[in-house]
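> Input: one structure, supplied below.
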Amino acid sequence: MKAILIDDENGSRESLAKLLEKHCPQVEIISKANSMITGLTAIQQYEPDLVFLDIEMPNGSGFDLLGKIKEIDFDVVFITAYDQYAIRAIKFSAVDYLLKPVDPEELVLAVKRVEDKRGSKNTNNDKYKVLLSNMKSESKLKKVAIPDGDGLIFISLSDIIRCDSDGNYTYFILNNGKKIISARTLGEYEEMFEGEHFFRVHRSHLINLDHVKKYIKGEGGYAVLSDNSQVEVSRRKKNEFLEKLAGT
């Protein structure tokens, strides 16, 4: 795979280059760039398969760079210091990232994920456009990418009524009656959706609070959702759930 490294810190670029040479011999570094402008020029000139892209750079971020490319036909692995909102937006869009300082094992796994996805249905442009859209939303994320057998399905959060657990899988129940399965656990989505008006009322159910029509009293009680389904509320979650509803 032909790769470009884009990072304004020379030490970070050279450290990553050495890690790639040592641990990922299948990656050929064809160019290095130190800014959004030089990075954009390198991408246009060399047409890479993979770009390692720093998020925070002077005179334009990694997101700004992607926003200037009409058709993103390469893979991106973001390199970033810890930024809670940016990382959540990246996870929502099913995009790879590595935290600084880069861990060699995490780097190998990220490159392997890129390799495994090559040759499948090309959803690169869509997922990066969703990422950029989520970043512009400032506080609330708008869409989530759900991996399926062929690529990714993009779902608006407002269309999700609830998520149901089925072992290591999660079912998304949508307001158009469709059901979509994801090979991720409900716990992963609970963590991902934190702060997005979702609440885990039961070990098997994560619900969109915007779709709650009614609460039926009981030991734990039941939430009646917009599709008229009734979802059990666990006894230990009841008080917190009612507090969340009162705050909506």
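Only the coordinates and a few stated rules stand behind these numbers; no lab work does. Predicted model only: the values in this text are computed from it and were never measured. Methodologically, a virtual Cβ is constructed for each residue, glycine included, from the backbone with ideal geometry; neighbour enumeration extends over all protein chains shown.
> Roughly how many debye, to the nearest 20, is the charge dipole of the chain about its Cα centre, given +1 on each Lys and Arg Cβ, -1 on each Asp and Glu Cβ, and no other charges?
Computed charge dipole of the chain: roughly 1000 debye.
> In terms of modelled amide H atoms, which long-range or inter-chain residues lie less than 5 Å from the amide H of F78?
Distant-sequence amide H within range of F78: L53, D96, Y97, L98.
> Sticking with this one: Of Q230, Y169, F198, which is farthest along the charge dipole of region 157-246 in the positive direction, counting Lys and Arg as +1 and Asp and Glu as -1 at C-beta?
Towards the positive end, the residue furthest out is Q230.
> For helix 10-23, report the angle its Cα long axis makes with the longest principal axis of the Cα atoms of the chain; keep it between 0 and 90° and round to the nearest 10°.
90
> Under the rule of -39500 (n - 2.57) per DSSP H run of 4 or more residues, summed and divided by the residues of the chain, what mean residue ellipticity at 222 nm is obtained, to the nearest 500 deg cm²/dmol?
-10000 deg cm²/dmol, from helical runs alone.
> Here's something else I'd like to know. Expressed in whole Å with the largest first, what are the equivalent ellipsoid semi-axes of the chain derived from the C-alpha gyration tensor as the square root of 5 times each eigenvalue?
39, 17, 16
> Using just the alpha carbons, could you tell me how many Å³ per residue the convex hull of region 142-248 encloses?
It comes to 94 Å³ per residue, whole-number rounded.
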